[in-house]
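Chemist: Structure provided below as structure tokens; questions to follow.
The values are calculated or read from the model by the stated rules, or taken from the named source; none is laboratory data. The structure displayed is predicted, hence computed values, not measured ones. Every residue, glycine among them, receives a Cβ derived from its backbone with ideal geometry; neighbour counts consider all protein chains shown. Quick note on the areas: whole protein, heavy atoms, side chains included, nothing else; ligands and nucleic acids left out. Shrake-Rupley method; radii C 1.70, N 1.55, O 1.52, S 1.80 Å.
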Amino acid sequence: MSVRVGVIGTGSIGAEHVRRLAQQVSGAEVSAVFDVDRERAVAVGAPVGAAVHLAAHDVIDDPAVDAVLIASPGDLHAEQVLACVAAGKPVLCEKPLATTAESALKVVEAEAARGRPLVRVGFMRRHDFGYRQVKAVLDGGGIGEPLLMHCVHRNASVPPWFTSEMSLTDSVVHEIDAARWLLGAEIVAATVVAVRSSPLAGGARDPQIVLLETAAGVVVEVESFVNCQYGYDVRCEVVGSTGTVSLDTPSTGAVTRGGGRTQPLPDDWRSRFGQAYLDELQAWVDGRPGGATAWDGYAATAVAEACLRSLATGARSTVTLADAPTGSPQ
Ligand code: NAD
Ligand code: ISE
């Protein structure tokens, strides 16, 4: 029996998820789709035999939908996830879980009240082979006590509407989740450091440096540079008391000639994290644990909010998380 997935939002990543679910994930099919851009929903849904619905709630309520994948714009996620929880349907929501910590917490509470884990958040780096290797070294005590972490998150370019704030809530939010997951610790404060902006950044603050702190004093330094021009480059290094563990941008097909070497880089997140998206979907369809929970989505949004406060004020901003409701999957 296949898991029949309904997909809400068939834009850039929604279309990729539909294609993978239909063609590459075993035990899954896409039975319904919805996008406010109906033409797009038809173009993505029809080739895989999905019904094209007229509203998001039609997908959630469809008896031919066992589980829902949400890939609509972030400000719609909380409401759509809450509707899935109310319907008792498992939901994989693309990041972010919500755009405010308050609405993310409502999702955590609604899921806890339902009494079973239903929500997963699309922080796909948790499924990336390289990140998992870093996690294994850290968990195995291979570099002693983690002391600090350096992260680089560069996109070749972003559309003109991509703001300084989005660099934090859309891009750095991945490092926020990765740091929490790798270090096994909550972030308690965030500071956004002003950096000279690139003349190619269209007036946005880009690059930006973000400093995240855990309660134990581990500092995570994140460079977000969304108009770096040269390619997609995501790296990190954790410095521990007895060594370091690092993740580089994978590259194959290096060409060495004429006294030099060129190494191709991924164009964007699609190619860099293609296998991670697939593994994320397969794990979700199989019902295997390991992805980001609603609590992880809430914590990431709370830290992203602190980053926004720091961006606005220039000051260090603390993060205070609510107590996890009883029964909430951590
Ligand atoms: P996009 O703009 O390409 O696609 C969003 C789609 O949602 C569009 O087709 C739009 O018409 C549709 N939409 C708008 N309002 C809607 C509504 N009310 N109901 C249903 N659909 C609606 O954006 P995208 O790049 O695909 O991003 C979508 C989400 O995925 C965002 O939250 C983004 O942060 C996330 N994302 C995650 C990754 C990742 O690496 N995990 C990568 C890209 C995007
Ligand atoms: C995008 O939304 C993603 O989630 C990508 O993984 C990230 O690298 C990019 O910066 C975001 O805009």
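Chemist: Can you confirm whether Arg125 is within 12 Å of ligand 1 (Cβ to nearest atom) and under 27 Å from Ala201 (Cα atoms)?
Modeler: Yes.
Chemist: So, in the stretch 202-231, of the ones that are among the small types (Gly, Ala, Ser) and touching a Ser or Thr at 6+ places or on another chain (Cβ under 9 Å), which residue ends up most open to solvent (accessible area, probe 1.4 Å)?
Modeler: Restricting to residues being among the small types (Gly, Ala, Ser) and touching a Ser or Thr at 6+ places or on another chain (Cβ under 9 Å), the top hit is Gly203.
Chemist: May I pose another question? Could you tell me whether Pro96 is more than 16 Å from ligand 2 (Cβ to nearest atom), under 27 Å from Trp269 (Cα atoms), at pLDDT 95 or above and not hydrophobic (A, V, I, L, M, F, W, C)? If you could, list the steps in order and put the result at the bottom.
Modeler: Values: more than 16 Å from ligand 2 (Cβ to nearest atom): no; under 27 Å from Trp269 (Cα atoms): yes; at pLDDT 95 or above: yes; not hydrophobic (A, V, I, L, M, F, W, C): yes.
No; evaluated as a whole, the condition is false for this residue.
Chemist: May I ask you to say which residue of Val158, Val172 is near ligand 2 (Cβ under 10 Å from one of its atoms), touching a strand residue (DSSP E or B) at 6+ places or on another chain (Cβ under 7 Å) and closer than 21 Å to Asp206 by Cα?
Modeler: Working: Val158 fails: touching a strand residue (DSSP E or B) at 6+ places or on another chain (Cβ under 7 Å).
Matching residue, one of Val158, Val172: Val172.
Chemist: Could you give every pair whose Cβ atoms fall below 8 Å, whose first residue belongs to the stretch 62-73 and is without any contact (Cβ under 8 Å) to a residue 12 or more places away in the chain, and whose second residue is buried (at least 23 other Cβ atoms within 10 Å of the Cβ), counting only separations of at least 6 or pairs across chains?
Modeler: none
Chemist: If you don't mind, there's one more thing I want to ask. Residues of the stretch 56-89 being open to solvent by less than 40 Å² (accessible area, probe 1.4 Å) and away from ligand 1 (no atom under 14 Å from the Cβ), which ones?
Modeler: Asp62, Ala64, Val65, Ala67, Val85, Gly88, Lys89
Chemist: Collect the residues in the stretch 22-36 that are touching a residue at least 40 places away in the same chain (Cβ under 8 Å) and crowded, with 18+ Cβ neighbours inside 10 Å, keeping them in residue-number order.
Modeler: At the first step, the residues of the stretch 22-36 found to be touching a residue at least 40 places away in the same chain (Cβ under 8 Å) are 24-28.
Once the filter is applied, which keeps residues that are touching a residue at least 40 places away in the same chain (Cβ under 8 Å) and crowded, with 18+ Cβ neighbours inside 10 Å, the stretch 22-36 yields Val25, Ala28.
Chemist: Is it true that some residue in the stretch 311-329 is open to solvent by less than 70 Å² (accessible area, probe 1.4 Å), closer than 21 Å to Pro207 by Cβ and not small (Gly, Ala, Ser)?
Modeler: Yes, some residue in the stretch 311-329 is open to solvent by less than 70 Å² (accessible area, probe 1.4 Å), closer than 21 Å to Pro207 by Cβ and not small (Gly, Ala, Ser).
Chemist: Okay, next question. Please verify whether Glu39 is under 23 Å from the mean Cα position of the chain (by Cα), open to solvent by 60 Å² or more (accessible area, probe 1.4 Å) and within 12 Å of ligand 1 (Cβ to nearest atom), treating the condition exactly as stated.
Modeler: Considered against the rule, which asks whether it is under 23 Å from the mean Cα position of the chain (by Cα), open to solvent by 60 Å² or more (accessible area, probe 1.4 Å) and within 12 Å of ligand 1 (Cβ to nearest atom), Glu39 comes out as no.
Chemist: So which strands (runs of 3 or more DSSP E) stay within the stretch 90-198 end to end and still have 1 or more residues that are touching a residue at least 12 places away in the same chain (Cβ under 8 Å) and open to solvent by 20 Å² or more (accessible area, probe 1.4 Å)?
Modeler: Per the criteria, 119-122, 146-154, 187-193.
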